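First comes the structure, then the notes that go with it.
The values are calculated or read from the model by the stated rules, or taken from the named source; none is laboratory data. Predicted, not measured: the structure shown is a model, and the values here were computed from it. Glycine gets a Cβ as well: all are built from the backbone with ideal geometry, and neighbour counts include every protein chain shown. Just the protein is used for accessible areas: all its heavy atoms, side chains included, with ligands, DNA and RNA removed. Shrake-Rupley method; radii C 1.70, N 1.55, O 1.52, S 1.80 Å.
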Amino acid sequence: MKTDQKHPKAVIVIFGATGDLAKRKLYPSIHRLYKNGQIGEEFAVVGVGRRPWSNEDLRQTVKKSISAGGDKHTDDFTSHFYYHPFDVTNPSSYQELKVLLDQLELTYEIPNNRMFYLAMAPEFFGTIAKSLKSEGVTATTGWSRLVIEKPFGHDLPSAKELNKEIREAFTEDQIYRIDHYLGKQMVQNIEVIRFANAIFEPLWTNRYISNIQITSSEDLGVEDRARYYETSGALRDMVQNHILQMVALLAMEPPIKLNTEEIRSEKVKVLRALRPIAKEEVDQYFVRGQYQAGMIDGSPVPAYPEEQNVAPDSNTETFVSGKLLIDNFRWAGVPFYIRTGKRMKEKSTKIVVEFKEIPMNLYYGNEKQINPNLLVIHIQPDEGITLYLNAKKLGGAAHAQPIKLDYCSNCSDEMNTPEAYEKLIHDCLLGDATNFAHWDEVALSWSFVDSISETWASNKTLSPNYEAGSMGPKESDDLLSKDGFQWWNI
Ligand code: BG6
């Protein structure tokens with residue numbers, strides 16, 4: 001819910017200011033907000049990190065990350081950035097931070113509003129949150145908000161523990177748990193496509209939909225993140241958060257209002273209706289994979305166990321596909337198939353909604369069967385929708401052929417879709433938590449995923465089983481074919 005003024009005034013404190021996320025996503029996003037006039041001059045950014053940097057070091061880093069030269073606009077922008085060397089376990093670091101924030105609020109006429117963005121190693125999340133409170137940094141006359149990057153725990157017990165720690169210092173409505181997929185333009189569009197179109201919503205049930213498929217593939221490998229990824233794997237890295245969030249948006253009931261509480265409450269109901277997977281059933285519903293050596297864009301790439309910092313006998317999955325069932329009136333009997341992985345054929349996220357066959361088929365397609373109607377929601381890199389229909393084939397009286405109705409929202413040159421982080425930082429500054437994950441969603445997602453990861457952890461038999469550059473192991477195709485379906489690689 002929008003609660004603040006249009007041009008929010010705040011100090012943004014970034015823990016992890018020297019890190020990769022800050023450089024790749026946060027600085028460019030804050031810069032775009034500034035350039036587009038979504039934040040005015042009444043803001044400051046305090047970069048916090050262990051390294052003994054100066055303000056100037058931070059400003060140079062920011063300039064580099066926004067690929068800007070030394071023009072006046074860039075200098076004006078970076079002059080709002082301050083660096084504060086920090087030891088997360090030392091109370092005096094927090095006291096000094098408080099003094100700096102008080103000063104900056106006076107300089108920039110900021111009404112004591114503070115955003116604390118934790119973009120660093122998760123083991124310090126709890127300590128930082130608690131110390132911010134105990135040292136009085138969160139005691140403001142304006143607002144104070146905590147933005148937390150993933151991973152939010154490693155399983156349900158660790159997520160609960162972390163939540164308990166941060167809740168000692170912040171109330172639920174002060175906590176903004178980032179799931180950057182919720183900031184993507186086309187993920188936000190799922191609700192609009194569903195609830196603003198009379199032609200879709202009546203069909204959006206088990207009476208007309210045969211199955212829904214979500215694919216989020218990446219061509220990159222584990223890169224330099226193996227230390228984290230080895231303890232995570234694709235299930236925790238992508239399914240527990242991004243994919244289940246998309247499932248919730250696709251399956252939720254229309255909210256009675258478009259506000260944070262109502263939308264969250266409908267999403268939570270979907271996650272509660274997810275059929276839990278018993279440990280002995282995991283193999284029937286989920287497939288895991290690990291990439292072998294292969295070719296990406298014409299160049300050879302190594303197998304996962306040969307990547308830097310990966311154990312040679314690693315059991316970490318780099319690919320997951322699964323079949324989810326939602327036990328409620330609308331979705332009973334409709335499988336939601338999901339798949340995600342590294343070193344797949346391409347970088348692409350899309351959703352395919354496959355409609356059921358018509359009751360009596362008067363026409364035939366190329367291979368006797370007429371093609372099903374499909375609605376494809378392209379999340380990235382293309383952003384748009386495609387509807388596959390059947391139309392008359394030239395000449396053949398009873399012959400139908402598939403045609404495509406395409407809408408691409410980022411195809412025109414003038415269109416510059418905001419980055420996910422840009423939208424999310426702006427939302428947080430405005431006090432709008434709709435596109436952040438509520439604790440209930442996080443907890444339900446972990447409890448769904450935990451039985452799968454526990455089963456996999458107790459069964460150390462994974463070895464590379466899909467070629468880099470492919471769409472995953474054969475078992476992933478079998479998961480659908482045994483139900484009479486196929487992945488639509490379109
Ligand atoms: C992150 C995962 O949450 O999402 C990464 O940790 C993954 O492993 C990334 O690469 C994918 O995000 P996007 O926006 O590039 O699809």
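For LEU324, the residues whose amide H sits under 5 Å from its own are PHE336, TYR337, ILE338, ignoring neighbours fewer than 5 places away on the same chain, with H placed 1.01 Å from N. Taking amide H positions as modeled 1.01 Å from N, with prolines and chain starts lacking one, the residues under 5 Å from TYR83 and 5 or more places away or on another chain are GLY47, ASN55.
What percentage of the solvent-accessible surface of the chain, computed with a 1.4 Å probe over protein heavy atoms, is contributed by carbon and sulfur atoms? Don't skip to the end; give the middle numbers.
Working: 11370 of 21810 Å².
On the chain, the fraction of accessible area on carbon and sulfur atoms equals 52 percent.
At the residue level, HIS426 shows approximately 30 square angstrom of accessible surface with a 1.4 angstrom probe and all protein chains present.
Helix 420-430 versus the longest principal axis of the chain: what angle, 0 to 90°, nearest 10, using Cα atoms? On a 0 to 90 degree scale, this one is about 50. Using the Cβ-Cβ distance between THR89 and ASP20 with R0 set to 30 Å, the FRET efficiency works out to roughly 0.85. Sequence-ordered 3J(HN,Hα) estimates for segment 241-256 from the Karplus curve with 6.51, -1.76 and 1.60 and θ = phi - 60° stand at 10, 4, 5, 5, 5, 5, 4, 4, 5, 6, 9, 5, 6, x, x, 6 Hz, glycine and proline given as x. For the chain, the longest principal axis of the C-alpha atoms and the axis of helix 55-65 are separated by about 20°. Note on GLU419: accessible area is roughly 60 Å² with a 1.4 Å probe, heavy atoms of protein only.
Whole number in Å², please: accessible area per residue of segment 231-360, 1.4 Å probe, ligands, DNA and RNA not counted. Please list the in-between numbers first.
On the way: 5360 Å² over 130 residues.
For segment 231-360, the solvent-accessible area averages 41 Å² per residue.
For segment 331-439, what is the charge dipole size about the Cα centre, in debye to the nearest 20, if Lys and Arg each add +1 at the Cβ and Asp and Glu each add -1 at the Cβ? Working shown, then result.
Numbers: 12 positive and 13 negative charges, 150 e Å.
Computed about the Cα centre, the dipole is about 720 debye.
Tell me, what is the FRET efficiency for LYS392 and ASN206 to the nearest 0.05, using R0 = 35 angstrom and their Cβ-Cβ distance as r?
Numbers: r = 30 Å, r/R0 = 0.86.
Given R0 = 35 Å and the Cβ-Cβ separation, E is 0.70.
Let me make sure I get this right: for segment 19-61, a, b and c are the square roots of the gyration tensor eigenvalues over alpha carbons, sorted descending. Under 1.5 in a/c it's rounded, otherwise prolate if a/b > b/c, else oblate. Which is it? Here segment 19-61 falls in the prolate category. By how many degrees, 0 to 90 and rounded to 10, does the Cα axis of helix 91-107 deviate from the longest principal axis of the chain? For 91-107 against the chain, the angle is about 90 degrees. The length gained on full extension between THR417 and ASN361, counted as 0.36 nm times the residue separation minus their Cα-Cα distance, comes to 16.0 nm. Converting the Cα gyration tensor eigenvalues of the chain into ellipsoid dimensions via √(5λ) gives semi-axes, longest first, of 41, 26, 23 Å. Taking a sphere under 15 Å around the Cβ of GLU109 and counting the other residues whose Cβ falls inside, with K and R at +1 and D and E at -1, yields a net charge of -2.
Taking only alpha carbon atoms, segment 386-490 gives an Rg to Rh ratio of 1.11, where Rh is the Kirkwood radius. Expressed as a whole percent, the proportion of Cα-Cα pairs in segment 240-355 lying more than 24 Å apart is 42%.
Normalised by the number of residues in the chain, what is the relative contact order in percent for Cα pairs under 8 Å and 6+ residues apart?
On the way: 903 pairs, mean separation 89.4, N = 490.
Averaging sequence separation for qualifying contacts and normalising by length gives 18 percent for the chain.
Cβ distances below 4.7 Å define possible disulfide partners, and in the chain the cysteines left without one are CYS428. Along the charge dipole of the chain, Cβ charges K/R +1 and D/E -1, which of ALA129, PRO85, SER409 sits furthest on the positive end? Result: SER409.
Considering all C-alpha pairs of segment 53-180, those separated by over 17 Å amount to 64%.
Computed from backbone phi with θ = phi - 60° and the Karplus coefficients 6.51, -1.76 and 1.60, the 3J(HN,Hα) list for segment 372-387 is x, 6, 10, 10, 10, 9, 8, 8, 6, x, 6, 10, x, 9, 10, 10 Hz; x is used for glycine and proline. Annotation note: GluC sites (Glu not before Pro) in segment 155-213 located in DSSP loop regions with a Cβ neighbour count of at most 14 within 10 Å are GLU168. Averaged per residue, segment 451-490 has 53 square angstrom of accessible surface, using a 1.4 angstrom probe with ligands and nucleic acids left out.
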